[in-house]
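Participant: One structure is given below, represented as C-alpha cells, and several questions about it will come after.
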Amino acid sequence: MRKFLSCAFAAVAVTAALVTLPTGTAAAQSTACSTAVDLINAAIAAAPGGNLDDAGQKDLANKLLAVPASGADKDAITLFARSLLDDNVTDMGAATAKFNTACA
C-alpha cells in the first residue's frame with residue numbers, strides 16, 4: 001500500500017495525457033504502452049478503494065514485465081514494474097515520469 005497513490009497518479013496522468021494530447025501530428029501510442037496503461041487501470045479498478053496492496057503491486061509488476069515492448073517503451077515499463085517490486089522505493093515519481101514520457 002505504500003505506493004498506491006503513485007500508481008493511481010500514473011494511471012490518471014497517462015489517461016489525462018491521452019485525452020488532452022492533440023491528435024494527428026502526434027505519434028500513436030504503442031501497443032505495449034496501451035497494454036501497460038490498461039493493466040495499470042485494471043489493477044487500480046480491481047483494488048479495494050483503488051489501493052494496491054503488496055500482492056496487487058507484485059501481480060501488476062509481473063503483468064507489466066510480461067508486456068512485449070522494445071526501446072524506450074520497454075525501459076519505462078520495466079522501470080515502473082521494478083519500482084513496484086522494490087521495497088526500497090517509496091516514491092514512484094521518477095518511474096511514473098519516465099512512464100508518462102515514453103507512453104503518453
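The values are calculated or read from the model by the stated rules, or taken from the named source; none is laboratory data. Just so it is clear, the structure is predicted and the values come from calculations on it, not from any experiment. All Cβ positions, even for glycine, are placed from backbone atoms using ideal geometry, and neighbour counts span all protein chains on display.
Participant: Can you tell me which residues in region 40-60 are surrounded by fewer than 20 Cβ atoms within 10 Å (Cβ to Cβ) and under 19 Å from residue 98 (Cβ atoms)?
Facilitator: 41, the sole residue that qualifies.
Participant: Checking residue 90 against (1) at pLDDT below 85; (2) not in a helix (DSSP H, G or I): exactly one of these is not met. Which one?
Facilitator: Looking at each condition in turn, residue 90 falls short on (1).
Participant: Kindly indicate the residue of region 62-84 that is buried (at least 21 other Cβ atoms within 10 Å of the Cβ) and small (Gly, Ala, Ser) and also farthest from residue 102 (Cα to Cα) among those meeting that condition.
Facilitator: So, considering only residues that are buried (at least 21 other Cβ atoms within 10 Å of the Cβ) and small (Gly, Ala, Ser), the one farthest from residue 102 (Cα to Cα) is 83.
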